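Worksheet for the structure shown next.
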Amino acid sequence: MTLHNVHSHHGGEEPELHHACLDALSRIQEFLHHELDDTTADVIREHLAACESCLDIFEVENAIAGLIRRCNPSPPCPGDLRAKISSMHVQVTHIRFES
Ligand SMILES: [Zn+2]
């Protein structure tokens with residue numbers, strides 16, 4: 001039986017990758033809120049496509065941001081919808097506190 005070593009180099013010398021992760025994660029909020037310029041957003045997008053651990057974090061942040069965004073829509077909405085949204089906000093807050 002032969003054990004094939006998948007990780008051919010170990011020793012933790014991946015400063016470039018580590019830096020890319022820190023860079024991507026430090027901008028993930030801005031990326032989610034579309035506050036980055038196209039070039040920077042592309043760098044983040046490419047990193048997420050290549051880096052599974054950052055993608056995981058992004059998906060969690062994205063899910064949370066999606067919930068928050070649903071409660072705070074940017075276009076003004078009629079009173080009826082506004083009331084629905086505030087009751088939704090209570091639900092979301094409740095869910096987040098429970099989980
Ligand atoms: Zn990464």
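The numbers here are math on the coordinates, done by the rules we state, and not lab data. Owing to the predicted nature of the structure, the values given are computational and were not obtained by experimental measurement. Cβ: placed from backbone, ideal geometry, glycine included. Neighbour counts: every protein chain shown.
What the table shows:
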quantity: When residues of the range 18-72 are limited to those that are in contact (Cβ under 8 Å) with a residue 24 or more places away in the chain and part of a loop (DSSP other than H, G, I, E, B), the one farthest from the ligand (Cβ to nearest atom); calculated: His33
quantity: Selection from the range 42-67 of residues that are aliphatic (A, V, I, L, M) and under 10 Å from the mean Cα position of the chain (by Cα); calculated: Leu48, Leu55, Ile57, Val60, Ala63, Ile64, Ala65
